[in-house]
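Below: the structure, in structure tokens.
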Amino acid sequence: MTLPNPGWLLWRQFRSEWRLYARDRAAMFWSFLFPLLLLFAFGAIFRSGGPPALTLVRVAPAEETPRDRAFLKALEESRLKVTTLSAAEAEGRWTKGETTAQLESVGAGYRLRLNSYLIAQGQVAAQAASQAFLVAQARLSGAPEPERIPVVVESPGHAHASNYAAFLVPGLVGLNLLSMGLFAVGMVTVAYREKGKFRRLAVTPLPKWVFLLGQILQRVTVVALQTTVLLVAARLGFGIRNQGSYALFSILVVLGTATFLALGFALSSFASTVETYGAISNLAFFPMMLLSGVYFGLEGAPVWMQKAVFVLPLSPFLRMLRAVFNDGATLSGQGAGLAVIGAWAVVSFAVALKRFRWV
């Protein structure tokens with residue numbers, strides 16, 4: 001009996017995997033539509049490429065004095081968006097938790113109330129209000145105005161002024177790769193083993209390597225399509241484009257894909273049921289999704305946490321991807337990140353190779 005050509009078998013296996021994948025509407029939604037929904041939702045909310053608008057609620061004084069008018073003018077010249085309300089309206093808004101910072105007249109002076117739940121934004125608003133007050137005082141007394149601190153918005157690599165959507169795009173690319181490795185590879189591998197599909201495969205003439213390689217190639221093409229769709233949507237929706245080398249960007253995506261696929265195979269070797277693997281994969285997925293900088297940076301986190309997160313593969317991967325995509329950088333100075341990603345890829349592949357089983 002002559003076996004079919006391995007290349008033909010691989011093509012048939014690859015096509016079969018795509019057909020199965022395309023029939024799963026939930027998988028198609030989470031792979032392609034959900035990242036676009038996140039991009040457009042967050043991108044629309046934080047669309048402005050300039051400094052974020054800081055709102056200050058000003059309680060209207062009983063009688064406007066020259067000092068009040070000078071202070072209001074200085075506030076409006078600053079980064080603050082000033083909303084003047086009556087005392088009753090301001091208090092109603094405050095009790096609903098809708099106010100970040102509130103300016104009130106108290107005796108011969110002023111008082112700022114900061115929302116304790118929004119203290120980070122409130123402190124920035126308070127600093128801007130304090131600087132505006134000094135400007136107003138100088139104008140009233142005829143003294144030289146204090147110099148305002150200039151605010152410049154640009155990406156970390158000084159390439160161009162950017163917006164939040166540009167920060168988010170590489171994060172979504174990395175999150176797609178992580179999801180593909182942990183769920184589309186690891187979860188499917190455990191499910192196939194639990195249902196006995198691997199056992200039945202062992203008695204067929206289909207080589208095992210053809211089966212595995214067909215799965216891997218299908219996942220790689222999904223990653224390529226996901227990334228392309230996301231980049232095109234970012235370009236058309238927000239004018240975001242890759243500032244660096246597409247070749248270098250592609251190399252990083254390939255490296256990340258290999259790392260997370262190997263991680264998925266490695267973790268799947270520790271579970272005999274889908275339920276068990278669900279707990280294991282979520283234990284790996286959620287800390288990386290929340291702490292690796294997918295949606296926001298960790299500049300305000302403790303230093304020990306920032307260092308601890310860097311040893312997880314997604315964090316250094318996103319730093320390198322953003323350096324290339326957002327700032328047009330090369331991999332110069334990214335040795336530590338490359339070492340972390342490389343170590344995870346090698347160790348995960350070694351564990352998967354040693355522990356992988358068909359039954």
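Brief remarks follow.
- Failed condition for Phe42, given (1) hydrophobic (A, V, I, L, M, F, W, C); (2) over 30 Å from Val210 (Cα atoms); (3) part of a helix (DSSP H, G or I); (4) at pLDDT 90 or above: (4)
- Residue that is surrounded by the fewest Cβ atoms within 10 Å (Cβ to Cβ) [pool: residues in the stretch 297-327 that are of a type in the set (Val, Ile, Thr) and more than 24 Å from Phe238 (Cα to Cα)]: Val303
- Test for Leu321: is it in the same structural domain as Phe260 (by TED's automatic domain parsing) and closer than 30 Å to Tyr192 by Cα: no
- Remark: pairs (first residue in the stretch 74-103, in the same structural domain as Ala126 (by TED's automatic domain parsing); second residue surrounded by fewer than 19 Cβ atoms within 10 Å (Cβ to Cβ) and among the acidic types (Asp, Glu); Cβ separation under 6 Å; 6+ apart in sequence or on different chains) = Val82/Glu76.
- Scanning the stretch 283-296 for residues that are surrounded by 13 or more Cβ atoms within 10 Å (Cβ to Cβ) and not aromatic (Phe, Trp, Tyr) returns Ala284, Pro287, Met288, Met289, Leu290, Leu291, Ser292, Gly293, Val294.
- Looking only at the stretch 296-317, and only at residues there that are modelled with pLDDT under 90 and not in a helix (DSSP H, G or I), the one that is nearest to Ala166 (Cα to Cα): Phe296
- Count - residues of the stretch 310-336 that are among the β-branched types (Val, Ile, Thr) and closer than 20 Å to Leu178 by Cα: 2
- One residue from Leu353, Leu290 being aliphatic (A, V, I, L, M) and under 26 Å from Val169 (Cβ atoms): Leu290
Condition check ((1) closer than 30 Å to Ala284 by Cα; (2) modelled with pLDDT of 90 or more) across all residues:
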{"position": "Val124", "(1), (2)": "no, no"}
{"position": "Phe133", "(1), (2)": "no, yes"}
{"position": "Gln137", "(1), (2)": "no, yes"}
{"position": "Ala143", "(1), (2)": "no, no"}
{"position": "Ile149", "(1), (2)": "no, no"}
{"position": "Pro156", "(1), (2)": "yes, no"}
{"position": "Ala161", "(1), (2)": "no, no"}
{"position": "Pro170", "(1), (2)": "yes, yes"}
{"position": "Leu175", "(1), (2)": "yes, yes"}
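- Any hit, the stretch 318-335, residues being of a type in the set (Asp, Glu) and outside any loop (DSSP other than H, G, I, E, B): yes
The values are calculated or read from the model by the stated rules, or taken from the named source; none is laboratory data. As the structure is a prediction and not an experimental result, all values here were calculated from the model. Positions of Cβ are backbone-derived with ideal geometry, glycine not excepted, and every protein chain shown enters the neighbour counts.
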